[in-house]
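Trainee: The following block contains the structure, expressed as structure tokens.
What follows is calculated from the coordinates using simple rules that are stated; it is not laboratory data. Fair warning: this is a prediction, and the values are worked out from it, not measured in the lab. When we count neighbours, we look across all protein chains shown, and the Cβ atoms used for this are built from the backbone with ideal geometry, even at glycine.
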Amino acid sequence: MLFSVPLIMGKTLLKQSQGYCSGSLLLIVSDRLASFFCWKDHQFLYQAILIAKKRLGDLENLKMWARAEGFSDKLNQFLEMLVYE
């Protein structure tokens, strides 16, 4: 029997209707940003930027997730680098 478990990142339940599903680019970028937010590892930030620039169109769900997790300041750093890289 297969069980479906909810997809949770941090304190936030990620919904498929918001573009989050296994292997989605939104999930991959969120994962890289979570690593940057928590461990301040800039390699993950650069990976998130590269993926977002090439493939990710709508950033609204990503912004809502980061703000809900309390990382508005680091989200702004990501968004600034996304524009200027």
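Trainee: Go ahead and estimate [θ] at 222 nm for the chain from helices alone: -39,500 (n - 2.57) per DSSP H run with n ≥ 4, summed, over the residue count, rounded to 500.
Mentor: Values: 4 runs with 51 residues, N = 85.
Value at 222 nm, helices only: -19000 deg cm²/dmol.
Trainee: A further question on this structure: Could you check the simple spin-label distance between Tyr46 and Ser72, using points 7 Å along Cα→Cβ, in nm with one decimal?
Mentor: Distance between the two pseudo-spin positions: 3.0 nm.
Trainee: Turning to a different aspect of this structure: Just subtract the alpha-carbon distance of Glu60 and Ile8 from 0.36 nm times their residue separation and send over the number in nm, one decimal. All intermediate terms of the calculation are to be shown ahead of the outcome.
Mentor: Values: separation 52, 0.36 × 52 = 18.72 nm, distance 1.77 nm.
The Glu60-Ile8 span can extend by a further 17.0 nm.
Trainee: Amide H of Tyr20: which non-local residues (sequence gap of 5 or more, or other chain) have their own amide H closer than 5 Å, using H built in the peptide plane?
Mentor: Sorted by chain and number, the residues that satisfy this are Lys15.
Trainee: Have a look at Gln43, Gly19, Tyr84 and report the one farthest towards the positive end of the charge dipole of the chain, computed about the Cα centre with Cβ charges (Lys/Arg +1, Asp/Glu -1).
Mentor: Gly19
Trainee: Also: What residues have an amide H closer than 5 Å to that of Leu7, excluding those fewer than 5 places away on the same chain, when H is modeled at 1.01 Å from N in the peptide plane?
Mentor: Result for Leu7 returns Leu14.
Trainee: Along the principal axes of its C-alpha atoms, what lengths does the chain span, in descending order and rounded to whole Å?
Mentor: Principal-axis extents of the chain (Cα, largest first): 47, 25, 21 Å.
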